[in-house]
Structure formats: structure tokens, C-alpha cells
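Structure, as C-alpha cells:
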Amino acid sequence: MTAPRRAVPADAEELVRLRKVMLDSITGSDPDVSWQPAAVATLRDRLADPDSTLTAYVVDRPGGGLAACAVGTVEYRLSGPGSPDGACGYVFSVATDRDMRRRGYSRGCLEGLLDWFRERGVRKVDLRTSSEGESLYTSLGFVRTPDPAMRLSL
């Protein structure tokens, strides 16, 4: 397997492309790409900052581009059980191109990301998953929580 590496600002466009791969696999293909330039700019800025609370781990595709990624951020909330300093990791945009799946790439990216969280003292990591990804997360120790997610779009 190609070894995962920490993403750099030059990976931003490919990270956004893989985010669309992930979103399309969950909700169906959406032709709206108006969000992508802002996402690329945000990733370039955040990945360039050595003190950023956001990072990504990636696997390079042979011949160019990326094959897989896992992106995560450290969020700060009010302290509570399991998070005495309020730090909470959040994993999102875990994606592998369809033709590159079943090679351990997402697992490798996630393991790199989880190590990054540990280095920052994060003791709790959350994510949302599709049924397709649940077995990977379970194998890494993630468990379902009793609290259902809700959202308000403003």
C-alpha cells in the first residue's frame, strides 16, 4: 500500500474533488459545484498554517492526484465527561475513489488522522457515517452514540 501522508496546500483541489465523491455517494450526484472554490481556498489557508486545528491525511494516486483522504478538525466546546479541556475531534470527508477502494487507503488516512488527534490531546472523536463506511469505523473502535444529530439550515 502507498503510505498515507499529511496533506499540503497543493492538495486542496484534490481534497475538494474527493469531498464531492463522498457527498455524491451519500446523497446522489449533485451538479452544484458553486461551493468548491471557497472550499479550496479554505483548505489552502488551513493546511498552510502549522498551528491549524484542521488537517488531512491523503494517499497519492499512482500517476498523479489523490486516491483517498480523511479530513478532520479539532473543535473546542465546554468541558465535559471524556473531554476535560473541551477539545473534540471531528472527522469528515473520508473518501476513496471508487477504482482505488479495498486497498486500505481510507484506513491508513484515518489512522494518521487519529494519531494527529492524539498528539493534540484530543480524547473524544466524532463522525457521521454512511452504512458503507460503518464497518471501517467500527474496526477502529468507533461506536454508535445515543444522541441523534439534528440540523437547522439558516
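The values are calculated or read from the model by the stated rules, or taken from the named source; none is laboratory data. Worth saying up front: this structure is predicted, and the values here are computed from it rather than measured. Glycine gets a Cβ as well: all are built from the backbone with ideal geometry, and neighbour counts include every protein chain shown. Surface accessibility is based on the protein's heavy atoms, side chains included, excluding ligands, DNA and RNA. Shrake-Rupley method; radii C 1.70, N 1.55, O 1.52, S 1.80 Å.
When you look at R61, is it within 25 Å of T27 (Cβ to Cβ) and either buried (at least 16 other Cβ atoms within 10 Å of the Cβ) or of a type in the set (K, R) (or both), yes or no? Criteria met by R61.
Looking across segment 2-24, the residues that are in contact with a strand residue (DSSP E or B) (Cβ under 8 Å, 6 or more places away or on another chain) and either farther than 27 Å from R102 by Cα or at pLDDT below 95 (or both) come down to T2, A3, V21, M22. Of all the residues in segment 92-104, those that are in contact (Cβ under 8 Å) with a residue 60 or more places away in the chain and open to solvent by 60 Å² or more (accessible area, probe 1.4 Å) number 2. The set of residues from segment 125-148 being under 18 Å from V71 (Cβ atoms), without any contact (Cβ under 8 Å) to a residue 60 or more places away in the chain and either out of contact with any Phe, Trp or Tyr (no Cβ under 6 Å at 6 or more places or on another chain) or assigned to a loop (DSSP other than H, G, I, E, B) (or both) comprises L127, R128, T129, G133, L136, Y137, L140, F142. Consider segment 105-140. How many of its residues are open to solvent by 30 Å² or more (accessible area, probe 1.4 Å) and either farther than 23 Å from Y76 by Cβ or β-branched (V, I, T) (or both)? Counting residues in segment 105-140 that are open to solvent by 30 Å² or more (accessible area, probe 1.4 Å) and either farther than 23 Å from Y76 by Cβ or β-branched (V, I, T) (or both) gives 13. Among residues of segment 62-86 that are over 23 Å from T129 (Cβ atoms), those with a Cβ under 6 angstrom from a residue that is loosely packed, with under 11 Cβ neighbours inside 10 Å and not small (G, A, S), sequence gap 6+ or separate chain, pair up as G86/L78.
Could you please let me know if L78 is aliphatic (A, V, I, L, M), surrounded by fewer than 19 Cβ atoms within 10 Å (Cβ to Cβ) and under 17 Å from I26 (Cα atoms)? It is false that L78 is aliphatic (A, V, I, L, M), surrounded by fewer than 19 Cβ atoms within 10 Å (Cβ to Cβ) and under 17 Å from I26 (Cα atoms). When R103, R107 are checked against the criterion of being among the charged types (D, E, K, R), touching a Leu at 6+ places or on another chain (Cβ under 7 Å) and modelled with pLDDT of 95 or more, a single residue qualifies: R107. Of the residues contained in segment 32-39, one or more are found to be buried (at least 17 other Cβ atoms within 10 Å of the Cβ) and either within 24 Å of E119 (Cβ to Cβ) or modelled with pLDDT of 95 or more (or both).
Go over the candidates D45, D24, D51 one by one and state the one that is part of a helix (DSSP H, G or I), open to solvent by 80 Å² or more (accessible area, probe 1.4 Å) and not small (G, A, S). Don't jump to the end; show me each part of the working.
Details: D24 fails: open to solvent by 80 Å² or more (accessible area, probe 1.4 Å); D51 fails: part of a helix (DSSP H, G or I).
It is D45.
Put simply, of G72, G89 the only residue that is open to solvent by less than 60 Å² (accessible area, probe 1.4 Å) and either in a loop (DSSP other than H, G, I, E, B) or more than 19 Å from A12 (Cα to Cα) (or both) is G89.
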